[in-house]
Every structure is written in structure tokens, then in C-alpha cells.
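Each remark here refers to the structure printed beneath this line.
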Amino acid sequence: MAVSSCPTVFTSFECRSDSGFGSAPRFEKPRQGRFATRINSAHSGKATFDGLSSMSMILKFPPNFVRQLSTKARRNCSNIGVAQIVAASWSNNSPSGVPAAAAAAATAVDAAVPVAHVELTADEDVVVLEGCDGNGAVQFKDSTNSSYSSFLSSDGSLAIHAAERLGRGIVTDAITTPVVNTSAYFFKKTADLIDFKEKRSVSFEYGRYGNPTTVVLEEKISALEGAESTLIMASGMCASTVMLMALVPAGGYIVTTTDCYRKTRIFMETFLPKMGITVSVIDPADVEALESALNKNKVSLFFTESPTNPFLRCVDIKLVSELCHRKGALVCIDGTFATPLNQKALSLGADLVLHSATKYIGGHNDVIGGCISGSQKLVSEVRNLHHVLGGTLNPNAAYLLIRGMKTLHLRVKQHNSTASRMAEILEAHPKVNRVYYPGLESHPEHQLAKQQMTGFGGVVSFEIDGDLISTIKFIDSLKIPYIAPSFGGCESIVDQPAIMSYWDLPQAERAKYGILDNLVRFSFGLEDFEDLKADVLQALASI
């Protein structure tokens, strides 16, 4: 609902087809639409503007304006809103800078062009953009009803509209969230800076501390997770490492699980001890081991994935949260494999939920990011350290993640369906020894997964009936998936963990983590199920 404090309204116009602006553009007859609507005046209940003589000044764009628009934009008017705003700023200046010939032509156009009549009444909401110094333009935006969210009963709708149609800080009538590419934010005068420093006003101040595009992404994730606050960072590893350093004091104690992303384990077992932090590792389902650690030590944090990587083990989030909270320990769940749609860790009792947004949230294998969601108090503690360390997400990456979330519910549904059906096929195949997927009854935490998950994700791990070479032959025989790290994208991805993630360790060392040479991790993408099925079966037939 954006209206500048300088009420200047322009009828629509056509841009010349050529790239030069040497002659006057042709004006169309004003038509009904956004610029002839009724909106609430920011200053009074009703105000009428009849004169549009300033529009007649837009006969030749100044050089600085021409430079601001790309050739394509000038030719097809795709930036017509920008054209009107910038042209308004120029044309509202003193006409002394306008050539005499242009001024004379302006008088003629004033007489020839019909005047648009815009009546401002108290029908819709508006917001006044301050600081235009008399050179702004009127922007219109449909009103946002705060009760609109009551109509959204599904995560799919929230993923599309949360923090955007339901209210965003960026004033625009664009459907998509603009990318704000800036490294810093200015203050009009020193008094404003002092107000900010003394917390009487709000600003991001510097790009490392926040960005309007990034805030939309954070609020959208918060809506899905049911969180008070979300912090987005440059990667999933950035989110996990900053969270651990921010919330676990020097000399603290962490409990984690055996099955997890290897880089997370390396950080906890190699770097945290340098801060005097002790790390205890237990089986994901070993509740007794957790209780023992809580009773014998002052545990600061229990951190685990659920489902885990790569064996998709599931942790009883409600139970471990109750046990930890009795002893004053926090619980953080890495829900990357689950997604915010398949599992709600916060509602199950966890204090924080973490995601590698690179995976399902982004969903297109084209962006890296991570996020941490939870209470305002805890996320603020993580945010304070994040501002110091500086693992900031680029606003262009934030835009890609926002775009990816618009189809999250559709993609996750397809991932769930394909992986569940393929897990059953693989489990029944004679050349597959074992399948790891929480949707299968054979999975050790199947019943638990059914209780705390609404879907089981798109990743299936399984062991081929063969050795390292046989497994390599199977993977190399596949036609559809890429051999690559990561998961959760539109394209299927397959990898052999013994090679992809653990090749630097001897075979015996890999076996300690359960990483056998014949283990395969398959991330099923959005390709047609029958195509994927045929591909997997032909690859199995090759060994």
C-alpha cells in the first residue's frame, strides 16, 4: 500500500520501439485501472488531483535516466513503473533545465492529452514513503487483510504466501519479492544515525546484519516451522557451526548421535574440544545412553539429525525433548531430510530446528543456504554471533530460496511418493541386501516415524548384493541420476558414500561408521516414476 508523500499521477504511455529518445514518446488515452483507483489518502480522508501538467514534461528522457534502463527495458517498457518514477522525479524539477523547444511542445501536449482524474478516498490502506522531497511517484498496492491468513489451512499455501501477500516490509505491488542488492543502508542525517544507535529507530545498517529480501525468506520459513524467529545463513554447515558455538559455552557438554553428516561430526569432534567442549556420541534410538549422559554431566545441548544421514534413523523428538528439558539441556534437530512439511520438530518439543536450505527448501540444485528456527531468545543469541562471523546469505540466493519454496509442497509430495514406491521395489529385489527408509516396516523406527512424520522424504539408502566394484558398476549403469553430493533437488542424485564422503578413510575405519563399500544413497528427484523405476531395474540387472 504505497503512496509517496508527493502526489503525482501519470497516465500510461508507450515507449518508442527504437533505443533512442530523441523525439517525444506517444501517449495513449488514459484508461481505467490501477492509476484511476480509489485509495486512502495518507494525509486526509479525501483529496482530489486534477492537474497532470507535469506529465507533459516527459518528452525527452534525460541522459542519466537513459543510462538507468537497459536497452531491452527501454524497448519493451518492461520497467514502465521505474520509468514513471524516475521520469516523475526529473519532470517535477524546475523546468529551467528543459530546452525551450521541449517546453513549447509540453504546452501543446497539455492541451491535447486528456487529464486523468484520480480521487483519493478512504477505501483502501496506503503507506506513505517519506523522504521523496517532492519528487516521488504514487505507487498502488492491494490492501493486505491481516485476517487473510485464517483462510490458509495448509503448509502449501503458507509456503507460497507467508511473508509476502501476508505482509512484507518491501513496499511494492510486484507479486514476487524484489532482490535488494545493497551492502549498506544510509542515514539521511547524523541525528537519524544517533536515533538508530540509541534504539529509537530501526535499520539494517550494514548488509551483514540483514536484508529486506532475506527477511521475507526468514519469515516464510518461520511460518512453516511455527517458529518465533528464523535466521538464514550462507550454508547448512554455517548454521550448525554458528549455532553450536553460540549456545554451548566453553567447557560445555554436547550429546549427539552416531549417524550424521560427516562434516558436522568432524566439527564437533575436532574443533569443539579446542574450546573445552566435550562431545558424547550415542545411537539415535539409545534413550538410556542419553539419560545417563544427562545424569552424569551438565549437558548444554542435544544435537541430532532426524532422519539421519545416510541411514535415515529417527529420533523420538518428543521424548528426548522432555528428558533434556528436565535437566536444563537444549534440543536442536537437523530436519533437512524431513523438510518443514514432513516433520514439525518445534511442535514436538525441540527448541531449535535446523535445515540445509540447499536441499529441499531450495529444491533446484542451484543455491546454497542454511537456516535455524526457534524462539526469539535463542535465535537472537545465534544471530549475535552470526553478525560477528559474517556467514551472510546473498540476497540473490535468498530470492532463489523464496522461489523454490513456492513449489515446496508439490515437490515434497512427489519426492515422498517416488521414494516410498522405489523403497518397496528395492527391498523386494534379489540383488539388494538391505534398504534404509523410514517408510518401510522393516525400518527400526518405522512406527516412530509414522507418529511424528507426515511423509518420509525422497532419499533411500540401500546396500547392493556385491562389493565395491559391483556397486560402482551399478551406479555407472544408471542413466538418469547424476553422481554427485547433495540431495533434495528436481534432478535425481546418486552417490556411493564409501567413495563420495569417506574415501580418505581406510575400509576398516569406514566400517566403524557403518559405511560399507556396497552402500548407495539415492535421492529421487521429480522425474517420472516409471522412468526412474526402469532405470534402477536395468542398472541392477547389469551386475
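The values are calculated or read from the model by the stated rules, or taken from the named source; none is laboratory data. Owing to the predicted nature of the structure, the values given are computational and were not obtained by experimental measurement. Reconstructed Cβ throughout: ideal geometry from the backbone, glycine too, with neighbour counts over all protein chains shown. Just so you know, the surface numbers come from the protein's heavy atoms only, side chains and all, with ligands and any DNA or RNA stripped out. Shrake-Rupley method; radii C 1.70, N 1.55, O 1.52, S 1.80 Å.
When the residues of region 459-483 are filtered to those that are of a type outside the set (Val, Ile, Thr) and part of a loop (DSSP other than H, G, I, E, B), the one that is most open to solvent (accessible area, probe 1.4 Å) is Lys479.
Name the residue that is farthest from Asn416 (Cα to Cα), counting only residues in region 483-531 that are of a type in the set (Gly, Ala, Ser) and modelled with pLDDT of 95 or more. Among those residues, the one meeting the criterion is Ala498. Mind listing just one residue for me: the one in region 484-511 that is within 13 Å of Arg262 (Cβ to Cβ) and of a type in the set (D, E, K, R) and, of those, most open to solvent (accessible area, probe 1.4 Å)? Top of the filtered list is Asp504. Restricting the first member to region 494-512 and to residues that are closer than 20 Å to Gly458 by Cα, and the second to residues that are at pLDDT 95 or above and among the polar types (S, T, N, Q), the beta-carbon pairs closer than 6 Å and six or more apart or on different chains are Gln496/Thr471. Tell me whether region 447-458 contains one or more residues that are assigned to a helix (DSSP H, G or I), in contact with a Leu (Cβ under 9 Å, 6 or more places away or on another chain) and charged (D, E, K, R). No. If you go through region 173-187 and keep only what is farther than 10 Å from Gly207 by Cα and open to solvent by 50 Å² or more (accessible area, probe 1.4 Å), you end up with Asp173, Ile175, Thr176, Val179, Phe186, Phe187.
Out of the residues in region 279-297 meeting the condition of being part of a helix (DSSP H, G or I) and among the small types (Gly, Ala, Ser), tell me which one is most open to solvent (accessible area, probe 1.4 Å). Looking at the filtered set, the residue picked out is Ser292.
Only one of the numbered conditions (1) part of a loop (DSSP other than H, G, I, E, B); (2) crowded, with 21+ Cβ neighbours inside 10 Å; (3) touching a Ser or Thr at 6+ places or on another chain (Cβ under 7 Å) is violated by Ile543, and that is (2). Pairs are defined by a Cβ separation below 8 Å, a sequence spacing of at least 6 or placement on different chains, a first member in region 292-303 that is under 7 Å from Ile254 (Cβ atoms), and a second member that is part of a helix (DSSP H, G or I) and not hydrophobic (A, V, I, L, M, F, W, C); the pairs so defined are Phe303/Ser240.
Going by the structure shown, is Glu322 in contact with a Leu (Cβ under 7 Å, 6 or more places away or on another chain) and open to solvent by 10 Å² or more (accessible area, probe 1.4 Å)? So Glu322 fails the test. Here is the figure for region 238-278: residues that are in a helix (DSSP H, G or I), open to solvent by 40 Å² or more (accessible area, probe 1.4 Å) and within 17 Å of Asn384 (Cα to Cα) total 1. Within region 144-151, can one find any residue that is in a loop (DSSP other than H, G, I, E, B), small (Gly, Ala, Ser) and modelled with pLDDT under 95? Checked region 144-151: no residue is in a loop (DSSP other than H, G, I, E, B), small (Gly, Ala, Ser) and modelled with pLDDT under 95. Taking Glu441, is it touching a residue at least 12 places away in the same chain (Cβ under 8 Å), of a type outside the set (A, V, I, L, M) and either farther than 21 Å from Ile361 by Cα or crowded, with 21+ Cβ neighbours inside 10 Å (or both)? Spelling it out, it is not the case that Glu441 is touching a residue at least 12 places away in the same chain (Cβ under 8 Å), of a type outside the set (A, V, I, L, M) and either farther than 21 Å from Ile361 by Cα or crowded, with 21+ Cβ neighbours inside 10 Å (or both).
Please give the helices (runs of 4 or more DSSP H) falling wholly within region 310-425 in which 1 or more residues are under 20 Å from the mean Cα position of the chain (by Cα).
339-342, 376-389, 395-405
The single condition among (1) at pLDDT 95 or above; (2) open to solvent by 50 Å² or more (accessible area, probe 1.4 Å); (3) closer than 24 Å to Ser356 by Cα; (4) aliphatic (A, V, I, L, M) that Leu217 does not meet is (2).
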